[in-house]
Amino acid sequence: MSNVAPNAPRLIDPFARPITYLRVSVTDRCDFRCVYCMAENMTFLPKKELLTLEELDRMCSTFIGLGVEKLRITGGEPLVRRGIMTFFDAMSRHLDSGALRELTLTTNGSQLERFASDLYATGVRRINVSLDTLDAAKFQRVTRWGRLDQVLRGIEAARKAGLRVKVNTVALKGFNEDELFTLIDWCAREDMDQTFIEVMPMGDIGNEDRVGQYWSLKDMRATLAERFTLTDLPESTGGPARYVRLEETGQKIGFITPLSHEFCESCNRVRMTCTGELFMCLGQEDKASLRDVLRAHPDDEAPLIRAIEAAILRKPEGHDFDYSRQKPDGQVSRHMSHTGG
Ligand code: SAM
Ligand code: SF4
């Protein structure tokens, strides 16, 4: 493989898709307990199960050496992992070398006031902040432990630090349906892009109701079209998001519909849990435990590279979030906070 350029994709799956995007969950812990994501009394993993920051570095650097050029750090809440800025700092060397094109994260925003400037300093330029409502009481209801003012201050700090913020909103019928235009107007005023996500059936979230019910983005789109002229944008990030522009405001709005299969053919990503398990598809249970290989060979990258390459060759064509396939409701038993959203 010595004739391959350092950052040319070397991970090609059986359907000829180059894998250039790695999402890494760095912790299963979180300071919120969003009702669609976690039960209130979660049992978290023992520390020794988690990849250490050094192991995360080795793992991500190996992927980058294999052509991964976009790294998204997620969780749980990535910014509650102790020492996480050391890891971001370490990853910035790959931005400096040009091997990595983008280092980014998805966060609930609670710790941004503290970390925004440091993130910018490590080379992060764009972040996703999850926010489902602008109503403080509703915010507390959906996150159970979160405080809206803290997140809004975090977003402000991020923007002041020079980070571009995209707002991720889970669409919950009967919960934030009535806030659709309020949220859109707010994002327009603040010049932030926004993406709506259909709620996915993942993990045991306890006996709570899902706050709202499933709100199809098709219905949301129809509501948006009553007030705005929607133009479909051809761009794709190789993931489940589709984008439209609202002509009246120029805003870019994304829709993530994980239950549809449309996007699988252009899938460019894999996900790694905080314990070093690689999931080749968000909607499938198949995984490869890379942590065991990494720990068994502390001074030799070759076995890890072979394990990653073998895993990519098992990447399935598409997922099973389909109410008619394989499982009764296509539910995946793991939590989103484990695989990382
Ligand atoms: N804690 C961070 C956050 O909330 O942004 C990162 C991890 S969180 C698991 C990543 C994304 O997954 C968030 O935008 C969250 O709203 C979304 N998410 C969690 N559970 C979900 C579910 N059951 N269906 C759809 N989206 C979900
Ligand atoms: Fe925490 Fe994010 Fe899950 Fe909410 S969605 S409980 S913030 S990991």
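Go through region 24-51 and give me each residue that's away from ligand 1 (no atom under 12 Å from the Cβ) and basic (K, R). If the condition is that a residue be away from ligand 1 (no atom under 12 Å from the Cβ) and basic (K, R), then K47, K48 are the ones that fit. If only residues of region 9-61 that are within 16 Å of ligand 2 (Cβ to nearest atom) and among the acidic types (D, E) are counted, the one that is nearest to I84 (Cα to Cα) is D28.
Those helices (runs of 4 or more DSSP H) of region 244-341 in which 1 or more residues are at pLDDT 95 or above and not β-branched (V, I, T) occupy 290-296, 302-312.
Hey, could you check region 123-153 for residues that are away from ligand 2 (no atom under 12 Å from the Cβ) and open to solvent by less than 10 Å² (accessible area, probe 1.4 Å) and say which is farthest from the chain's Cα centre (by Cα)? Step by step, filter region 123-153, then rank; the result is T133. When region 115-135 is filtered for residues that are touching a helix residue (DSSP H, G or I) at 6+ places or on another chain (Cβ under 8 Å), among the charged types (D, E, K, R) and in contact (Cβ under 8 Å) with a residue 40 or more places away in the chain, the ones remaining, listed by number, are D132, D135.
Take V35 and tell me if it is modelled with pLDDT under 95 and of a type outside the set (S, T, Y). Break it down stepwise before answering.
Working: modelled with pLDDT under 95: yes; of a type outside the set (S, T, Y): yes.
Yes.
When region 231-248 is examined, which residues are found to be surrounded by 15 or more Cβ atoms within 10 Å (Cβ to Cβ) and touching a helix residue (DSSP H, G or I) at 6+ places or on another chain (Cβ under 7 Å)?
Looking only at region 231-248, we keep the residues that are surrounded by 15 or more Cβ atoms within 10 Å (Cβ to Cβ), and these are 237-246.
Once the filter is applied, which keeps residues that are surrounded by 15 or more Cβ atoms within 10 Å (Cβ to Cβ) and touching a helix residue (DSSP H, G or I) at 6+ places or on another chain (Cβ under 7 Å), region 231-248 yields only G238.
The set of residues in region 39-76 being over 19 Å from E277 (Cβ atoms) and within 16 Å of the chain's Cα centre (by Cα) consists of E69, K70.
The values are calculated or read from the model by the stated rules, or taken from the named source; none is laboratory data. In this text the structure is predicted, and so the values were computed from the model without any measurement. Cβ coordinates were reconstructed from backbone atoms using ideal geometry, including for glycine residues, and neighbour counts include every protein chain displayed. The protein model used for the area step is the full one, side chains on, heavy atoms only, and it has no ligands, DNA or RNA in it. Shrake-Rupley method; radii C 1.70, N 1.55, O 1.52, S 1.80 Å.
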